[in-house]
Ligand SMILES: O=C(O)CCC(=O)C(=O)O
């Protein structure tokens, strides 16, 4: 059992994140990286741009991570025993590219209400200050949602460039993770990340997010998988888990889900920016 300890709960409540949490070995992380890279090789555009959403629907190993019992134990400590998965995102930063993530709050644009949800960032490669790990503005989850400006920049991995200005970078905490570790972060904590200055890829697989069954999608439609417990509310359509790598039906399902997401991200109110 890997439910969060009282110190970890204290960290989450005080700072808006908990990190690092050991999930699997670096050998397992390498196996997962190989599967991601196999998909990239076989289907070069499948994981690009909006294709980076919901790769767990076409990759059995990412599906396994998404439904991993250690991750779910930790998540259960924060949102209760009825847990749904409403999406995942691959955040990949290649060396020699300008990819960064502007400082933002997930709850500002993702449409999930109430905020009984949490995001798990799982390191498929090591993630550190040199290759652009996430940085958290500690304690910022306790304030109201902040103004976000849409600042377009080619390198920004958030397509609408939503940005909280004047974040005191010296007060942000780098979430340094080894491959196979994860962090969990709160819907309203301000976070972002710098460019990758190393000579290898930085790969994060982000379950975005685990939601309690009482959480609605108020900006559009999200399908879900039951990760643990039961769904007494039935707010969302249920979708199947993948059974094989790059299965054609699953690829179609992923496209359908990503189209829903694009609508949420692009049709949200002007206040709610998106990826
Ligand atoms: O991977 C990154 O650098 C940023 C990820 C992020 O913003 C998130 O998981 O909410």
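Counted over the stretch 1-154 with a bin width of 5 Å, the fraction of Cα pairs per bin, in whole percents, is 2, 7, 15, 19, 22, 19, 11, 5, 1.
Taken along the Cα-to-beta-carbon direction at a fixed 7 Å, the label points for residue 7 and residue 218 span 3.7 nm.
For 251, 71, the sequence from fewest to most other C-beta atoms within 10 Å is 251, 71.
How do 50, 25, 77 rank when sorted from fewest to most other Cβ atoms within 10 Å of their own Cβ?
25, 50, 77
Take each peptide in 232-243, 188-199, 28-39, count the other Cβ atoms within 10 Å of every residue, and average; sorted highest first, the result is 188-199, 28-39, 232-243.
Spacing of the modelled spin labels on residue 25 and residue 113, each 7 Å from Cα toward Cβ, amounts to 4.7 nm. Per residue, the average separation of C-alpha pairs within less than 8 Å and at least 6 apart gives the chain a relative contact order of 31 percent.
Summary of packing: across the peptides 115-124, 152-161, the per-residue average of other C-beta atoms within 10 Å ranks them, highest first, as 115-124, 152-161. Each DSSP beta bridge with both residues in the stretch 40-196 is either parallel or antiparallel, and the antiparallel ones are about 95%. Computed from the Cβ-Cβ distance with R0 of 30 Å, the FRET efficiency linking residue 197 to residue 149 stands at 0.70. Mean silhouette area of the stretch 161-275, derived from the convex hull of its C-alpha atoms and averaged over all directions, reads 10.1 nm².
Label positions at residue 171 and residue 14, each projected 7 Å from the Cα along the C-beta direction, are separated by 1.6 nm. Ranked for footprinting exposure by Cβ neighbours inside 10 Å, fewest first, 15, 149, 64 give 149, 64, 15.
With both residues required to sit in the chain, DSSP beta bridges show an antiparallel share near 95%. At q = 0.15, 0.22, 0.28 Å⁻¹ the log10 of I(q)/I(0) for the stretch 149-204 amounts to -0.59, -1.23, -1.38, computed by Debye summation with a single uniform scatterer per C-alpha, solvent ignored. Between residue 97 and residue 263, the C-beta separation translates, for a Förster distance of 35 Å, into a calculated FRET efficiency of about 0.80.
For the pair residue 256 and residue 128 in one chain, pulling the backbone fully straight at 0.36 nm per residue adds 42.7 nm over the alpha carbon distance.
Read-outs: derived from the displayed coordinates by stated rules, not from any lab. For clarity, every value in this text was computed on a predicted model and none was experimentally measured. Note that we place each Cβ from the backbone using ideal geometry, even for glycine, and neighbour counts take in every protein chain shown.
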